[in-house]
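Report on the following structure.
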Protein chains: 4
Amino acid sequence: MIITVDPHDPRPIYVQIVDEVRRAIVMGILPPDAPLPSVRQLAVQLRLNPNTISQAYRELERLDLAYVRRGQGTFARSAPPNDAERAALITDVAARALIDAHRNGVTVDELVDAIRRATQPRQDLAS
Amino acid sequence: MIITVDPHDPRPIYVQIVDEVRRAIVMGILPPDAPLPSVRQLAVQLRLNPNTISQAYRELERLDLAYVRRGQGTFARSAPPNDAERAALITDVAARALIDAHRNGVTVDELVDAIRRATQPRQDLAS
Amino acid sequence: MIITVDPHDPRPIYVQIVDEVRRAIVMGILPPDAPLPSVRQLAVQLRLNPNTISQAYRELERLDLAYVRRGQGTFARSAPPNDAERAALITDVAARALIDAHRNGVTVDELVDAIRRATQPRQDLAS
Amino acid sequence: MIITVDPHDPRPIYVQIVDEVRRAIVMGILPPDAPLPSVRQLAVQLRLNPNTISQAYRELERLDLAYVRRGQGTFARSAPPNDAERAALITDVAARALIDAHRNGVTVDELVDAIRRATQPRQDLAS
DNA sequence: GTGGTCTAGACCACG
DNA sequence: GTGGTCTAGACCACT
């Protein structure tokens, strides 16, 4: 289980951790009851204060994505969604993006182009 | 020119104002040199602290979307639709969509597909 | 609005604060949208670290009993329950106490006596 | 003698064990000098770390509810039903009820009334 | 070993 | 002024 944080990311660090772990759980990379890295271990690995990790884990518990067993650690809770749930989720994400685009006067093509550009930043520079 | 803010919106109030005005300018609703509402007038209308409006207008000036004429007020920039500004706006929208997708374990391809599907609901089946 | 904490209480301090504020809100002492004491102010008053107050307020927000307005402060949210809700609440509390008592082999009379004793600790010592 | 623990119970595991055994002893289910299950046996049965059972038994000894005979095991105290212990247990139950009531803005009188009402559902209306 | 609580103190964004 | 985030470091309870 690899978790990374980016200090240049505008999201608070603890939110970045929440998002990373959420993704791992939602996608089934972390199956139910799988142990998350311990607070201290992750703090050392990411060179962060344990409190920051703790805050992230507390948030995950609040989101019902993880649970704590005293003296044992933190564990993943929810099962990955089935195909129908996943399809609905994808549609939701797309819908939110479209609303955001529309609100800002951005066309669909511009949005898709920008997404492509952001995720395939470098083409072949050679030749 | 109608500006609204939503206290439930997670964006800071002043950012909401910036976004509203930016959109109006970028989309041509506010033509070059058109006067923006005065700080005091807008503060009364939105029931906000004038400082908040000021902060938004300062940000608009910083973004080169407006300019101040002492004693006269704030005006939309006369420059041609600011391409750089528009590009930044598009990039922002794309970035938000990508964060949302990543958060939910949705891949870029799935996101783009869903956007396309949502906006081209009907497809010509003929040759 | 008076809030007190007792270091001898086994509950964590932040939980004590949550309980005090919750009670004030639930009982209508703090009407909807009434401002809670600011984090710093309460920290000074209770001689606690602001982080501890913050943790309590975050929990209140999680419980949907308070909300935060950036730069303005924290405010009470829910309205006091009506009579029927209140009666149901009281019945629930009593039911939980009875279950607890039964589980521990404590009779109803013993429970009531102990409650009376705990809340009227000193009778007239004179005469 | 059946002992169960519930991982969802907010009480620490070892406290749950103490409470179960305490109740059995206080209520006379475990007569004086009756042997408690061995640490290892109970650990296997409850799928717990033997250290946890040990901690519970140590607490029981501290509470003067059990005693250890080296090489033989742990036994219920022979003393007459421990009045002091029982009183402490009753006080604990009452204290929990009071915290719960206070948390929910329920007064002591309301709590006692509700308890009485719940346990004396029918009342003689005759003379 | 695990997570939970608390203190002290810093810096930031917001209104 | 407000709350939010983060660091550093301490002590505690639990397994």
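Within region C:23-38, being more than 22 Å from C:Leu89 (Cβ to Cβ) and either basic (Lys, Arg) or surrounded by fewer than 17 Cβ atoms within 10 Å (Cβ to Cβ) (or both) holds for C:Asp33, C:Pro35, C:Ser38. Of all the listed residues (A:Glu20, A:Glu85), the sole one being surrounded by fewer than 17 Cβ atoms within 10 Å (Cβ to Cβ) and part of a helix (DSSP H, G or I) is A:Glu85. Could you check how many residues of region C:1-43 are away from DNA strand E (no atom under 13 Å from the Cβ), over 13 Å from the mean Cα position of the chain (by Cα) and of a type in the set (S, T, N, Q)? Here the count works out to 1.
Across region B:46-60, a minimum of one residue is classified as surrounded by fewer than 19 Cβ atoms within 10 Å (Cβ to Cβ), more than 12 Å from every other protein chain (Cβ to nearest Cβ), within 16 Å of DNA strand F (Cβ to nearest atom) and at pLDDT 90 or above.
If you take the residues of region A:56-66 that are more than 9 Å from DNA strand E (Cβ to nearest atom) and not aliphatic (A, V, I, L, M), which of them is nearest to A:Asp33 (Cα to Cα)?
Within region A:56-66, the subset more than 9 Å from DNA strand E (Cβ to nearest atom) is A:56, A:59-60, A:62-66.
When the remaining residues are screened for being not aliphatic (A, V, I, L, M), the result is A:59, A:62, A:64.
On the way: A:Glu59: 17, A:Arg62: 16, A:Asp64: 12 Å.
Step by step, filter region A:56-66, then rank; the result is A:Asp64.
When B:Val18, B:Val5 are checked against the criterion of being within 17 Å of B:Ala88 (Cβ to Cβ) and either within 14 Å of chain A (Cβ to nearest Cβ) or touching a Leu at 6+ places or on another chain (Cβ under 9 Å) (or both), a single residue qualifies: B:Val18. In the set D:Ile29, D:Ile25, D:Ile90, only one residue is assigned to a loop (DSSP other than H, G, I, E, B), more than 24 Å from A:Tyr67 (Cα to Cα) and within 14 Å of chain C (Cβ to nearest Cβ); that residue is D:Ile29.
Whenever a residue of region D:86-115 is farther than 22 Å from D:Leu63 by Cβ, its partners that are outside any helix (DSSP H, G or I) and not hydroxyl-bearing (Ser, Thr, Tyr), lying with C-beta atoms within less than 6 angstrom and at least six residues away or across chains, give the pairs D:Gly105/C:Met27. Residue count for region A:1-17 satisfying the condition of being farther than 12 Å from A:Leu60 by Cβ and either among the charged types (D, E, K, R) or not in a loop (DSSP other than H, G, I, E, B) (or both): 5. State whether the residues of region C:70-86 include one that is near DNA strand F (Cβ under 9 Å from one of its atoms) and among the basic types (Lys, Arg). Yes: one or more hits. Only one of the numbered conditions (1) more than 9 Å from DNA strand F (Cβ to nearest atom); (2) of a type outside the set (Lys, Arg); (3) farther than 23 Å from D:Pro10 by Cβ is not met by A:Ala66, and that is (3). Counting the residues of region A:32-51 that are assigned to a helix (DSSP H, G or I) and aliphatic (A, V, I, L, M) gives 5. Checked against (1) within 16 Å of DNA strand E (Cβ to nearest atom); (2) of a type outside the set (Ser, Thr, Tyr); (3) surrounded by 14 or more Cβ atoms within 10 Å (Cβ to Cβ); (4) facing another protein chain (nearest Cβ under 9 Å), C:Arg69 passes all but condition (3).
Among residues of region C:27-45 that are closer than 21 Å to C:Asp6 by Cβ, those with a Cβ under 6 angstrom from a residue that is not in a helix (DSSP H, G or I), sequence gap 6+ or separate chain, pair up as C:Met27/D:Gly105; C:Leu30/C:Ala76; C:Leu36/C:Thr74.
The values are calculated or read from the model by the stated rules, or taken from the named source; none is laboratory data. Quantities reported herein were computed from a predicted structural model and do not represent experimental measurements. As a convention, Cβ positions derive from the backbone with ideal geometry for all residues, glycine included, and neighbour counts pool all protein chains shown.
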